[in-house]
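Read through the structure below, which is laid out as structure tokens, and then see the notes.
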Amino acid sequence: MVTTRWMTADEFAVLPDDGYEHELVRGELRRMPNPKPEHGFLVKRVARYLILYEDVGLATVLLNDAGIWLERDPDTVRGPDISVYFNDRLPPRPWSSYFTIPPALAVEVKSLFDRPADVEEKIDDYRRAGVTLIWYVIPETKAVWVDGAGRERVILTEADVLDGSDVLPGLPPIPVADIFR
């Protein structure tokens, strides 16, 4: 009989830097290639709108794949490209461990290596953890999937406008076309 030992979030947190991005998915360490320039460009295009929203004072925007502990036993730690948290839900700083509360918004930009099953798995992980609003930016089709816990997926195209729906009050509308310019 072979016994598999899953990695914990605490073990994941102290992994030495090997130059790659990683996520922990149900105890399994997954190595991902570093994003390409187009990925970084699209993350920046979305982040600029959300950082302006942060200035309203209600929320904090985190970039750079800041880890969120989504599930336990076995542990899942995902790092959205952008996450938005309401300030009244955040622990005091400094933040030296993964957040265990779901963000109000998780934004992911699809990378070239992401398989459709990987995209759906990541969205399902966020939904199960209670992320109420998920924006999944798809460069190949210049579309944004709007999803989240308790929501039906809506697919927006360049002719549409992203908004904070009922989750991020006061967020100015974001023309989807502006993300891809």
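Of all the residues that make up the range 123-181, how many are open to solvent by 70 Å² or more (accessible area, probe 1.4 Å), touching a helix residue (DSSP H, G or I) at 6+ places or on another chain (Cβ under 9 Å) and part of a strand (DSSP E or B)?
1
Could you say whether any residue in the range 14-23 is on the phi < 0 side of the Ramachandran plot, open to solvent by less than 50 Å² (accessible area, probe 1.4 Å) and of a type in the set (D, E, K, R)? Steps first, answer last, please.
Of the range 14-23, the ones on the phi < 0 side of the Ramachandran plot are 14-18, 20-23.
If we keep only those that are open to solvent by less than 50 Å² (accessible area, probe 1.4 Å) too, we end up with 22-23.
The next check asks that each one be of a type in the set (D, E, K, R); those that pass are 23.
Yes, that holds for at least one residue.
Name the residues in the range 51-67 that are part of a helix (DSSP H, G or I), within 12 Å of residue 105 (Cβ to Cβ) and without any contact (Cβ under 8 Å) to a residue 40 or more places away in the chain, would you? Write out each step before concluding.
Taking the range 51-67 as the starting set, the residues that turn out to be part of a helix (DSSP H, G or I) are 51-54.
Filter once more, keeping what is within 12 Å of residue 105 (Cβ to Cβ): 53-54.
Of everything in the range 51-67, just one residue is part of a helix (DSSP H, G or I), within 12 Å of residue 105 (Cβ to Cβ) and without any contact (Cβ under 8 Å) to a residue 40 or more places away in the chain, namely 54.
Taking residue 76 and the conditions (1) open to solvent by less than 60 Å² (accessible area, probe 1.4 Å); (2) without any contact (Cβ under 8 Å) to a residue 40 or more places away in the chain; (3) among the β-branched types (Val, Ile, Thr), which numbered condition does it fall short on, given that it satisfies the others?
Evaluating residue 76 over (1) open to solvent by less than 60 Å² (accessible area, probe 1.4 Å); (2) without any contact (Cβ under 8 Å) to a residue 40 or more places away in the chain; (3) among the β-branched types (Val, Ile, Thr) leaves (2) as the failure.
Would you check which residues across the range 1-34 are touching a helix residue (DSSP H, G or I) at 6+ places or on another chain (Cβ under 8 Å) and either touching a residue at least 40 places away in the same chain (Cβ under 8 Å) or part of a loop (DSSP other than H, G, I, E, B) (or both) and list them? Working first, answer last.
First, the residues of the range 1-34 that are touching a helix residue (DSSP H, G or I) at 6+ places or on another chain (Cβ under 8 Å): 22, 24-25, 29.
Selection gives 24, 25.
The values are calculated or read from the model by the stated rules, or taken from the named source; none is laboratory data. On a predicted model such as this, the values are computed, not experimentally measured, just so you know. Cβ: placed from backbone, ideal geometry, glycine included. Neighbour counts: every protein chain shown. Note: areas computed on protein heavy atoms with side chains; ligands, DNA, RNA excluded. Shrake-Rupley method; radii C 1.70, N 1.55, O 1.52, S 1.80 Å.
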